[in-house]
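Q: I have a structure I would like to understand better, so I am pasting it below and will then ask my questions one at a time.
The values are calculated or read from the model by the stated rules, or taken from the named source; none is laboratory data. In this text, all values refer to a predicted model and were calculated from it rather than measured experimentally. Cβ placement follows ideal geometry from the backbone for every residue including glycine, while neighbour counts extend to all protein chains displayed.
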Amino acid sequence: MRKFYLIGFALLLLFDTIGQSSFKLTAIHAQPLEASVQWIIRVFTQPWVYIAILGYIGAFFTWMALLKKAPVGPAFAASHLEVVTVMLVSAFLFHEDITLIRTLGAVFIVAGIVFLAFAEKELVQKELPSSDDSM
């Protein structure tokens, strides 16, 4: 089961990060932003918008598969690792700065997910019947 979660969340992060990065690339290539038919045409003639859509479709199906088995609280928290992966990819692809504040935010996100995982593990262990209870 653990392997299922690891692969599932890795895929979810991959799909979400591809989706977010592709939307950013679409926005860059469709500039200038304006409320016009020409802008909409520029958006939908960019291949990145379709890659973004595919990323979100992949994320949707991956998320549905994960929710069938994973507890929703920790799963929802872990899905927010996307914020960290998008930040890292943005630094590489778009040369965005990773500031101290962003780094602290990423650390807090990861710490929160780790704490929730430990809490979930503790709850599961409490729910398991001990060998004394079965006698």
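Q: Spot the failing condition for Pro32; the list is (1) within 30 Å of Ala119 (Cα to Cα); (2) exposed (fewer than 13 other Cβ atoms within 10 Å of the Cβ), and only one is missed.
A: (1)
Q: Let me ask you something else. Tell me the residue from Ile51, Ile18 that is over 23 Å from Lys3 (Cβ atoms), in a helix (DSSP H, G or I) and at pLDDT 95 or above, please. So that I can check it myself, show each step before the final result.
A: Details: Ile18 fails: over 23 Å from Lys3 (Cβ atoms).
So the residue among Ile51, Ile18 that is over 23 Å from Lys3 (Cβ atoms), in a helix (DSSP H, G or I) and at pLDDT 95 or above is Ile51.
Q: Let me ask something additional. What are the pairs with Cβ atoms under 7 angstrom where one residue, in region 38-53, is more than 13 Å from Ile28 (Cα to Cα) and the other, located anywhere, is surrounded by 12 or more Cβ atoms within 10 Å (Cβ to Cβ)? Sequence gap at least six, or different chains.
A: Matching pairs, first to second residue: Ile51/Ile18; Ile51/Ser22; Ala52/Gly19; Ala52/Ser22; Ala52/Phe23; Ala52/Thr26.
Q: Residue by residue through region 62-106, note down the ones that are free of Cβ contacts under 8 Å to residues at least 60 places away in the same chain, in a helix (DSSP H, G or I) and not hydrophobic (A, V, I, L, M, F, W, C).
A: Thr62, Lys68, Gly73, Pro74, Arg102, Thr103, Gly105
Q: Mind listing whichever residues of region 25-40 are of a type in the set (A, V, I, L, M), closer than 24 Å to Glu96 by Cβ and in a helix (DSSP H, G or I)?
A: Of region 25-40, the ones of a type in the set (A, V, I, L, M) are 25, 27-28, 30, 33, 35, 37, 40.
Restricting the remaining residues to those that are closer than 24 Å to Glu96 by Cβ gives 25, 27-28, 30, 33.
Of everything in region 25-40, those that are of a type in the set (A, V, I, L, M), closer than 24 Å to Glu96 by Cβ and in a helix (DSSP H, G or I) turn out to be Leu25, Ala27, Ile28.
Q: On to the next question. Return the residues of region 95-105 that are surrounded by fewer than 12 Cβ atoms within 10 Å (Cβ to Cβ) and either of a type outside the set (D, E, K, R) or touching a strand residue (DSSP E or B) at 6+ places or on another chain (Cβ under 7 Å) (or both); say none if nothing qualifies. If you could, list the steps in order and put the result at the bottom.
A: Here is the first cut: in region 95-105, the ones surrounded by fewer than 12 Cβ atoms within 10 Å (Cβ to Cβ) are 95, 97, 99-101, 104.
Answer for region 95-105, where residues must be surrounded by fewer than 12 Cβ atoms within 10 Å (Cβ to Cβ) and either of a type outside the set (D, E, K, R) or touching a strand residue (DSSP E or B) at 6+ places or on another chain (Cβ under 7 Å) (or both): His95, Thr99, Leu100, Ile101, Leu104.
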